[in-house]
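Worksheet: one structure, shown below.
None of the figures in this text is laboratory data; all of them are computed from the coordinates on show. Owing to the predicted nature of the structure, the values given are computational and were not obtained by experimental measurement. Every residue, glycine among them, receives a Cβ derived from its backbone with ideal geometry; neighbour counts consider all protein chains shown.
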Amino acid sequence: MEWFAWDFDHPAYFQIYADKAADAATEGPALAALLDLPPGSRVLDLPCGWGRLHPHLRARGLEVAGGDLSALNLRRHAAEQPAPLARLDFRALPFRDGCADGVFCAYTSWGYFATEAENLRQLAEFARVLRPGGALLLDLAGRKFLRNAVADVEGEWLEFPEEGYEERATWTPDGRRIRTERRCQGQAFRHDIWIPTDTEVRACLAEAGFGAPAAYGGLDGRAWTGDAERWIYRALRR
Ligand SMILES: C[S@@+](CC[C@H](N)C(=O)[O-])C[C@H]1O[C@@H](n2cnc3c(N)ncnc32)[C@H](O)[C@@H]1O
């Protein structure tokens, strides 16, 4: 089984990421503003997870449908934030060409696949379902910030007793992917995410069918910098 089919589809995910529910109050309005689409626009929230950002997209008057691989996340979304939802894989979206005005891809939800071709395919699928001129918001971890944050603790198990889990982060020898192992609820998990350079992000967006993106270095829309914690791209489908 590919790691992302297991790590996110387990109740431990909600425990480990419990603080992200509260973070939604700041991330949701800010990211929805950066998507910058008029009320009534049709937006695909991909991946939607458990729907923590959904109300903030709706609050801007957007017509939102969500999609995610995790049935567990989709069940929680349906219970807490009823909406049109689809279980899907980024590599083959079950939507018609050009059906959306926007794709909203929040919180480091690109780079999960093992091959460059599959990661490119995800962006190409986003481009396919967008109408020409439609907007993709791609919210990624800043590579340099993450490298610095991990540098002092790489390879060490860190305990989070209140949250009830422990974790250890290591970069792959080629420095391209970060692997985060976690132990929680008696189970083992391992995220394995490609953390691209800015040049790689831009090259993939171009190859997938997007124009040159606007890039932001924070939720407040500040200018992109190489050492920013978040790299947020807004790209229009050509
Ligand atoms: C870090 S979470 C972000 C969710 C949401 N955007 C948010 O900010 O709360 C990543 C999500 O991607 C979903 N996912 C992982 N691999 C996927 C795939 N191949 N296709 C579709 N969704 C996937 C997971 O189930 C999980 O809900």
Given the options Gly142, Phe189, Ala100, identify the residue whose Cα lies farthest towards the positive end of the charge dipole of region 82-215 (+1 on Cβ of Lys, Arg; -1 on Cβ of Asp, Glu).
Ala100
Could you give me the ³J(HN,Hα) list for region 45-51, computed from phi with Karplus coefficients 6.51, -1.76, 1.60 and θ = phi - 60°, whole Hz, x at Gly and Pro?
8, 10, x, 8, x, 8, x
Take every DSSP beta bridge whose two residues both sit in the chain, then give the antiparallel share in percent to the nearest 5.
65
Could you state the principal axis extents of the C-alpha atoms in region 99-238, from the largest down, to the nearest angstrom?
48, 30, 30
Per residue of the chain, what 222 nm ellipticity follows from adding -39500 (n - 2.57) for every DSSP H run with n ≥ 4, rounded to the nearest 500?
-9500 deg cm²/dmol
Nearest 20 debye, what's the magnitude of the dipole of region 146-189 about its Cα centre given +1 on Lys and Arg Cβ and -1 on Asp and Glu Cβ?
340
Any residue on another chain or 5+ positions along whose placed amide H is under 5 Å from the amide H of Ala141 is listed here as Thr108, Trp231
Grab every C-alpha pair in the chain, bin the distances at 5 angstrom width from 0 up to the longest one, and report whole percents.
1, 6, 14, 18, 21, 19, 13, 6, 2, 0
For region 55-94, the dipole about the Cα centre with charges only on Cβ (Lys and Arg +1, Asp and Glu -1), to the nearest 20 debye, works out at 40
Placing unit charges on C-beta atoms (Lys and Arg positive, Asp and Glu negative, everything else neutral), compute the dipole magnitude of the chain about its Cα centre in debye, rounded to 20.
880
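Taking 0.36 nm per residue of separation and subtracting the Cα-Cα distance, what length does fully extending Glu118 through Glu229 add?
37.4 nm
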The distance between the Cα centres of region 87-148 and region 154-228, in whole Å, is 15
If one takes the longest principal axis of the Cα atoms in the chain, at what angle in degrees, from 0 to 90 and to the nearest 10, does the Cα axis of helix 116-129 lie?
30
Between the modelled labels at Arg96 and Glu154 (7 Å from Cα along Cα→Cβ) the distance in nm is 4.9
For the Cα atoms of the chain, what angle does the longest principal axis make with the long axis of helix 19-35, in degrees from 0 to 90, nearest 10?
30
Could the peptides 199-205, 223-229 be put in order, highest first, of the mean number of other beta-carbon atoms found within 10 Å of their residues?
199-205, 223-229
Full-extension gain in nm, Glu207 to Ala5, via 0.36 nm per residue minus C-alpha separation:
70.1 nm
Please list 62-68, 156-162, 40-46 highest first by mean number of surrounding beta-carbon atoms within 10 Å per residue.
62-68, 40-46, 156-162
